[in-house]
Every structure is written in structure tokens, then in C-alpha cells.
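The values are calculated or read from the model by the stated rules, or taken from the named source; none is laboratory data. What you see is a predicted model; the values in this text were computed from it and never measured. Neighbour counts are summed over all protein chains in view; Cβ atoms, including those assigned to glycine, are modelled from backbone coordinates with ideal geometry.
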Amino acid sequence: MKIANCKMEEKASQISDRLLDYGATLIKICIKLNKTAIGRHVGAQLLRAGTSVGVYFEGRRN
């Protein structure tokens, strides 16, 4: 059981790292969006939805 828990924790850590990279990439994309009202609206939604994945994952992990 100890080995299985260690592997699960390692996978969870890898997922956490990947989600952090994903969030950073989303931020870069949102910065590059047009500064029009539509661009700001879409960027805000994308930022909220995309970065919340990491928050929910970490919340379930603890």
C-alpha cells in the first residue's frame, strides 16, 4: 500500500506542475488578446475558467 500511495502522490505532483504551467500559458495568451471590449471579456472568462482547474485540483488533493 505504501508504494501505491507514493506513486499516486508522484502523479498528483506531476499533474499539479502541469496545471501550473497551463495556468501560466493561459495568462500569456490573455495578455496577447485584443484590448477591445470583446477581447477583455473573453480573456477574463478564459482566465477564470482556465486557472480554476488548478485551484479545484489542489483543493481535492488536500
If you check residue 16 against the conditions, is it without any contact (Cβ under 8 Å) to a residue 24 or more places away in the chain, under 30 Å from residue 5 (Cβ atoms) and surrounded by 11 or more Cβ atoms within 10 Å (Cβ to Cβ)? no
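Using the structure shown, decide if residue 4 is at pLDDT 95 or above, more than 9 Å from the chain's Cα centre (by Cα) and surrounded by fewer than 11 Cβ atoms within 10 Å (Cβ to Cβ).
no
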From the list 7, 35, pick out the single residue that is part of a loop (DSSP other than H, G, I, E, B) and not aromatic (Phe, Trp, Tyr). 35
Residues (surrounded by 11 or more Cβ atoms within 10 Å (Cβ to Cβ), of a type in the set (Gly, Ala, Ser) and within 29 Å of residue 8 (Cα to Cα)) located in region 25-62: 50, 52, 54
